[in-house]
Each structure stands twice: as C-alpha cells, then as structure tokens.
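See below for the structure under consideration.
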Ligand code: FES
C-alpha cells in the first residue's frame, strides 16, 4: 500500500487525533488582499512529525500542535456530534447562470474567502459575467472546510482545487487567532471504532476544543481567539 493510501486521521474519544501514514504537516496562513479581505493561503513552517503522530484536539496542550496528554488533566469532553449524512444532502444549493453553489453552513471554518467582491452568495447569480465567474470559482476553491462546493451547471462537474495530501495548521492574523486543522487531498478521517467520515478534498477539524460540530471546526475558534503559539 502506498503512503498516500495509508494516510488517515483517527479521532480518539475525548482525546487527540492520531495521524498515520506520514502526513506532511505545515502552517497555512490566511493572507489578505489590499482591501483587507481573505485572499490567499501562504504556507509557513513545516514540522518533522514522522510516520505517526498525535495532534492536540482539546486546545490545551503546552506542546501544540502535538498532544501532551493535557486532555486528561483538563477532563476534555469532545463527543463527535457531526452528521454522517453525505455533505451533498447537508447542503443548500444555489443556482446561478453557469454554476451551482452548494453550501453546508454547519461546516463553516470562518476563513472568509467567500467575502471579496460582495460575498459569494450574491455573486453566484452573476456568473454569466466572466470576471465574476472567476471570482466565484476562486472563492469556493479557497474555502478550507469544503463548506462551499461549486459545480458546472451544464456538465455537473465539480470544480475542486488540486491539493496534496497534507495537514495545514491554520493561522488567521487578521483575527489574531489560530484556526483548525486543514485536512487536504482526500485523507480519510475516522472515529476510534473505524467508522469513516465522507472522504473529501477539503475539510477542517477542530483543534481549539470548543466546536459544537465535532470533529469538524464550526468557526468557534474565532470567538474564543484560540492561540496555538506557533507564530
Ligand atoms: S478550531 Fe475551529 S471551532 Fe475549534
């Protein structure tokens, strides 16, 4: 089996994420446009993590991003409450002239790439204008959580960015906080009992410990100003 096929993330009950298969790990920072809105991702420091490692899920480790067993000391409780329904069925679908936008709001990681140009929900109705269409494609593709997924209306083809199988440690300087684990490139996420979640090209896992949609991020890190101390 190739390394990529072995890659997976296992959610330990009230404990960390166990990452197997030598998944590369690096900081990913949200960087702004000149107007100050979320515009691009910039990769930062990489971590030598080895073939198997444990990432903090409770937000309390003194050795972030890795687990140091603080979840035991603080009595972390993080039950997996997320729906197992296919994301397609969790989403609302907004139809524009050339594309359809699927929106699973409960997965929002609050990265705000959907804001520039007047917000993607308004822009989807104007995709017959090429410059707006390009912006909509860009905004959906930059959404780390995969909350936003775009399809071509005529073919039904899903538009996905090419992402290598990696984990990003999200940093959000504009909000002065750290964000979720950005799981990229179709790495399988499963519960401790082996039941997998839908495999996706983009998803975000909570690492601040307070999401109400565990194991996924729901943007709560922004309200508590979660800090991982890495930048
Ligand atoms: S990291 Fe986003 S809600 Fe915890």
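Listing for the model above:
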item	result
Test for residue 207: is it part of a loop (DSSP other than H, G, I, E, B), assigned by TED's automatic domain parsing to the domain that holds residue 70 and more than 19 Å from residue 5 (Cα to Cα)	yes
Residue 145 being touching a residue at least 60 places away in the same chain (Cβ under 8 Å), crowded, with 21+ Cβ neighbours inside 10 Å and touching a helix residue (DSSP H, G or I) at 6+ places or on another chain (Cβ under 7 Å)	yes
For residue 38: the one exception among (1) crowded, with 19+ Cβ neighbours inside 10 Å; (2) within 23 Å of residue 224 (Cβ to Cβ); (3) in the same structural domain as residue 175 (by TED's automatic domain parsing)	(3)
Sole exception among (1) more than 15 Å from the ligand (Cβ to nearest atom); (2) surrounded by fewer than 18 Cβ atoms within 10 Å (Cβ to Cβ) for residue 213, by number	(1)
Residue 135 vs. criteria in contact with a helix residue (DSSP H, G or I) (Cβ under 9 Å, 6 or more places away or on another chain) and in contact (Cβ under 8 Å) with a residue 24 or more places away in the chain	no
Filtered residues of segment 188-209 (kept if closer than 20 Å to residue 22 by Cβ, under 10 Å from the mean Cα position of the chain (by Cα) and within 16 Å of the ligand (Cβ to nearest atom))	203, 205
Residue check, residue 180 within 12 Å of the ligand (Cβ to nearest atom), in contact (Cβ under 8 Å) with a residue 24 or more places away in the chain and either within 13 Å of the chain's Cα centre (by Cα) or not in a strand (DSSP E or B) (or both)	yes
Scope segment 183-204; condition within 17 Å of residue 41 (Cβ to Cβ) and assigned to a strand (DSSP E or B); matching residues	183, 184, 202, 203, 204
Single residue of segment 52-77 satisfying the filter (outside any loop (DSSP other than H, G, I, E, B) and within 20 Å of residue 216 (Cβ to Cβ)) that is nearest to the ligand (Cβ to nearest atom)	55
Subset of segment 32-46 that is part of a strand (DSSP E or B) and free of Cβ contacts under 8 Å to residues at least 60 places away in the same chain - its residue that is farthest from residue 120 (Cα to Cα)	46
Condition met for residue 139 (farther than 29 Å from residue 225 by Cβ and either more than 18 Å from the chain's Cα centre (by Cα) or crowded, with 18+ Cβ neighbours inside 10 Å (or both))	no
Residue match in segment 72-91 (condition: over 24 Å from residue 209 (Cα atoms) and either surrounded by 14 or more Cβ atoms within 10 Å (Cβ to Cβ) or at pLDDT below 95 (or both))	yes
Residue that is surrounded by the most Cβ atoms within 10 Å (Cβ to Cβ) [pool: residues in segment 216-231 that are more than 7 Å from the ligand (Cβ to nearest atom) and on the phi > 0 side of the Ramachandran plot]	225
Hits in segment 109-126 (condition: surrounded by 17 or more Cβ atoms within 10 Å (Cβ to Cβ) and either more than 17 Å from residue 92 (Cβ to Cβ) or at pLDDT below 95 (or both))	109, 110, 111, 112, 113, 116, 117, 126
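The values are calculated or read from the model by the stated rules, or taken from the named source; none is laboratory data. Everything numeric in this text was worked out from a predicted model, so none of it was measured. Note that we place each Cβ from the backbone using ideal geometry, even for glycine, and neighbour counts take in every protein chain shown.
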